[in-house]
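For reference, the structure is listed below as structure tokens.
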Amino acid sequence: MDIRAILMGLAFAFMWSSAFTSARIIVADASPLYSLALRFLISGLIGVAIARAMGQSWHLTRGQWRATFIFGLCQNALYLGLNFVAMQTIEASLASIIASTMPLMVALASWLIFRESLRPLAMIGLIAGIAGVTLIMGARMTSGVDLYGIALCGIGVLALTFATLSMRGASSGGNFMMIVGLQMLVGSAILFAAALALETPVLRPNWPLALAFVYTTLVPGLAATLVWFMLVDRIGAVRAATFHFLNPFFGVAIAAIILGEALRPLDLLGVAIIAGGILAVQIARQPPRA
């Protein structure tokens with residue numbers, strides 16, 4: 001893995017993890033579903049425009065259309081929609097920790113559903129990840145954390161895991177930037193419908209809200225996606241996924257610096273264990289060197 005790939009991986013992990021802090025700022029002064037729907041509308045239109053400028057077409061294959069809808073529904077509408085709602089009552093650091101367990105969930109589901117064999121290192125990583133989550137949740141339960149918010153984040157991770165598993169074999173055919181833009185528009189349409197049915201519009205304009213909205217639209221929304229695809233193209237999906245082990249660290253650190261959220265000793269220990277588990281699983285899934 002060369003230095004450029006390492007820098008790209010670090011940039012992706014940082015941008016992905018920072019989305020929880022910016023989301024926490026947004027939902028403090030605006031309706032979560034309306035805000036997220038508007039974010040995806042803007043990001044999607046920009047993404048489609050960039051794709052067209054790159055010469056990409058919206059004439060997708062059947063598998064790509066399926067992937068576009070599944071990701072628009074599961075990742076954007078369910079995963080992020082539920083996280084935005086949850087962060088009205090739980091801390092950004094906790095939401096990022098729960099979300100960072102997705103690689104562990106994918107590995108576990110691949111083993112249970114698709115009967116993929118797991119190397120001993122991967123099994124150790126899964127056990128460590130579960131232990132880390134249990135440690136953090138046990139500590140948070142005693143401090144009166146909102147269980148409803150945790151449940152929403154948990155359902156969101158399950159939705160993202162399903163979307164990730166459903167992408168098998170659907171990534172061929174090119175037009176990646178077009179797919180990114182279109183799946184954001186799918187998510188936007190679903191979220192606007194949900195917001196109309198479930199939410200009362202709330203908006204308290206201020207500079208932190210405006211800056212957080214612009215940031216989450218352009219950086220985690222578009223820039224992180226582009227960097228991810230570039231990284232996967234450079235080193236492959238399995239090796240690129242290794243950088244997910246940094247997400248718990250970055251998520252907790254950014255929330256502490258920007259939002260002033262507490263850094264509890266048991267949280268830090270749990271984050272370290274989860275990160276180690278994710279790293280172990282991803283290393284075990286890498287193909288052996290020739």
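The sole residue among 192, 162 that is modelled with pLDDT under 85 and within 30 Å of residue 64 (Cβ to Cβ) is 162.
Would you please name the residue that is nearest to the chain's Cα centre (by Cα), looking only at residues in the stretch 76-107 that are at pLDDT below 85 and of a type in the set (S, T, N, Q)? My answer is 100.
Being among the hydroxyl-bearing types (Ser, Thr, Tyr) and either assigned to a loop (DSSP other than H, G, I, E, B) or over 22 Å from residue 228 (Cβ atoms) (or both) is true for just one of 143, 110, 96. Which residue is that?
Working: 110 fails: either assigned to a loop (DSSP other than H, G, I, E, B) or over 22 Å from residue 228 (Cβ atoms) (or both); 96 fails: either assigned to a loop (DSSP other than H, G, I, E, B) or over 22 Å from residue 228 (Cβ atoms) (or both).
Sole residue among the options that is among the hydroxyl-bearing types (Ser, Thr, Tyr) and either assigned to a loop (DSSP other than H, G, I, E, B) or over 22 Å from residue 228 (Cβ atoms) (or both): 143.
Exactly one residue out of 68, 89, 21, 101 is among the hydroxyl-bearing types (Ser, Thr, Tyr) and surrounded by fewer than 20 Cβ atoms within 10 Å (Cβ to Cβ): that is 89. Count of the stretch 228-241 residues, restricted to those that are in contact with a Phe, Trp or Tyr (Cβ under 6 Å, 6 or more places away or on another chain) and either surrounded by fewer than 20 Cβ atoms within 10 Å (Cβ to Cβ) or outside any helix (DSSP H, G or I) (or both), is 1. Condition check: touching a helix residue (DSSP H, G or I) at 6+ places or on another chain (Cβ under 8 Å) and buried (at least 19 other Cβ atoms within 10 Å of the Cβ). Does residue 109 satisfy that? For residue 109, the condition - touching a helix residue (DSSP H, G or I) at 6+ places or on another chain (Cβ under 8 Å) and buried (at least 19 other Cβ atoms within 10 Å of the Cβ) - is not met.
Would you check if residue 21 is among the β-branched types (Val, Ile, Thr) and either at positive phi or not in a helix (DSSP H, G or I) (or both)?
Values: among the β-branched types (Val, Ile, Thr): yes; either at positive phi or not in a helix (DSSP H, G or I) (or both): no.
No; evaluated as a whole, the condition is false for this residue.
Each row is one residue, and each column tells you yes or no for (1) within 14 Å of the chain's Cα centre (by Cα); (2) in a helix (DSSP H, G or I); (3) on the phi > 0 side of the Ramachandran plot; (4) not hydrophobic (A, V, I, L, M, F, W, C).
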| residue | (1), (2), (3), (4) |
| --- | --- |
| 213 | no, yes, no, no |
| 221 | yes, yes, no, yes |
| 243 | yes, yes, no, no |
| 246 | yes, yes, no, no |
| 263 | no, no, no, no |
| 276 | no, yes, no, yes |
| 282 | no, yes, no, yes |
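The values are calculated or read from the model by the stated rules, or taken from the named source; none is laboratory data. All figures in this text were calculated on a predicted structure; none of them were measured in a lab. All Cβ positions, glycine included, derive from the backbone under ideal geometry; neighbour counts span all protein chains shown.
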